[in-house]
Amino acid sequence: MARVRHGTMRAVTRFRRPAARAAATVLTGCLLLTGTGTAGTAAAPRPAATATAPDIDVADVRSHLNDLAALTEANGGDRAHGGPGYAAAVDHVQALLDEAGYTTTRQEFTHAGATGWNLIAEWPGSATDEVLMAGAHLDSVPGVLGVNDNGSGAAVLLELALTLAGTGARPGAGVRFAWWGAEELGMVGSGHYVDGLDDGARAAVTGYLNTDMVGSANAGYFVYDDDPALATVLTNWFDTRGIATEPAHEMSGRSDHAPFLAADIPVSGLFTGAGLAMTEEQADRWGGTAGEPFDPCYHRVCDDTANVSDTALDRTADALAHAVWELTA
């Protein structure tokens, strides 16, 4: 999550729910974006989607997180924009998605004299004119492994994408996943993506769900409330399990949902807390430690594999899966 707050964003009042499709077409590598890219191989059309979202195995999420931490440590110790750790992470995630049958594209951009990439993965065989997006930034701040910020969101998103592929589902609406570059420098990658959408491509994105810091060690459960309809889909998952949520005010304008919101695209997302301290009331609600930050290692060297709650990862992964299944049925 970017440290600095960036401006005031426009509110969106309505989520444009996708309509079901009787048939779907295999997508090409253009993915409704500008810039050069490398496309993976499209898979054959899949069976219809199941009505109920699958349970996301937290052990698999943790495995992805450990892999990201190991390759980051082996490639300079961080995934900062322009560095070898970020390039290695993009290679790793793209290879898994290509193998699973996604159509993947790298969108290149330049910032501060260095090259970065967004990685976009589209599930083939689904609609192109109504697309739900889910994204997470893959970069970290310099000198930090970035396991919670934001290896957690990137790993949850990756396992959700691989689980979708494993079900053989063909959702009624399009599903597009994105791993963003240079978020820590001010949402550079996601801003580049949104700026490159023409009017038709922008209108096709019916909603965007963001996952940034979703495994905080002293976790709270926060839902972006920028679009009430999208937010309700996520809060309902927590409500049915007796888990309280709060609006994600700490994230306002500070992560990759911000460029989408500024472009009048409905947004929501999940967050388990960063540098703010948990209150006594929140500790009673969530069983955490009052007076301590939600993430005690936010933007610090100690943001390593010990700085993550598997319970938080499990809950946020399943909530996100529920939202994707519900919104693309």
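Considering only the stretch 173-185, state which residues are more than 14 Å from Phe109 (Cα to Cα) and not in a helix (DSSP H, G or I). If the condition is that a residue be more than 14 Å from Phe109 (Cα to Cα) and not in a helix (DSSP H, G or I), then Ala173, Gly174, Val175, Arg176, Phe177, Ala178 are the ones that fit.
Looking across Gly273, Gly253, Gly288, one residue alone is crowded, with 18+ Cβ neighbours inside 10 Å and closer than 24 Å to Arg79 by Cβ. It is Gly273. Ala319 passes all but one of (1) more than 17 Å from His137 (Cβ to Cβ); (2) surrounded by fewer than 24 Cβ atoms within 10 Å (Cβ to Cβ); (3) of a type outside the set (S, T, N, Q); (4) in contact (Cβ under 8 Å) with a residue 12 or more places away in the chain; which number fails? So the condition that Ala319 fails would be (2). Only residues that are of a type outside the set (D, E, K, R) and closer than 30 Å to Glu281 by Cβ were counted across the stretch 177-230, and they come to 18. Set side by side, the residues Glu122, Glu99, Glu159 differ, and just one is crowded, with 22+ Cβ neighbours inside 10 Å and either out of contact with any Leu (no Cβ under 9 Å at 6 or more places or on another chain) or without any contact (Cβ under 8 Å) to a residue 60 or more places away in the chain (or both), which is Glu159. A single member of Ser190, Ser152, Ser140 is part of a loop (DSSP other than H, G, I, E, B), at pLDDT 95 or above and of a type in the set (Ser, Thr, Tyr), and it is Ser140. Just one of (1) touching a residue at least 24 places away in the same chain (Cβ under 8 Å); (2) under 29 Å from Val188 (Cβ atoms) fails for Cys302. It is (1). Of everything in the stretch 95-123 that is more than 17 Å from the chain's Cα centre (by Cα) and outside any strand (DSSP E or B), the residue that is farthest from Ala136 (Cα to Cα) is Gly113. Selection over the stretch 196-216 of residues that are part of a strand (DSSP E or B) and not β-branched (Val, Ile, Thr) gives a count of 4. Of the helices (runs of 4 or more DSSP H) lying entirely inside the stretch 217-315, those containing at least 2 residues that are among the hydrophobic types (A, V, I, L, M, F, W, C) and under 16 Å from the mean Cα position of the chain (by Cα) are 228-239, 257-262.
If the condition is being outside any loop (DSSP other than H, G, I, E, B) and more than 18 Å from Glu183 (Cβ to Cβ), then the stretch 70-82 contributes Ala70, Leu71, Glu73, Ala74.
The values are calculated or read from the model by the stated rules, or taken from the named source; none is laboratory data. Just so it is clear, the structure is predicted and the values come from calculations on it, not from any experiment. In this analysis, Cβ positions are derived from the backbone assuming ideal geometry, glycine residues included, and neighbour counts consider all displayed protein chains.
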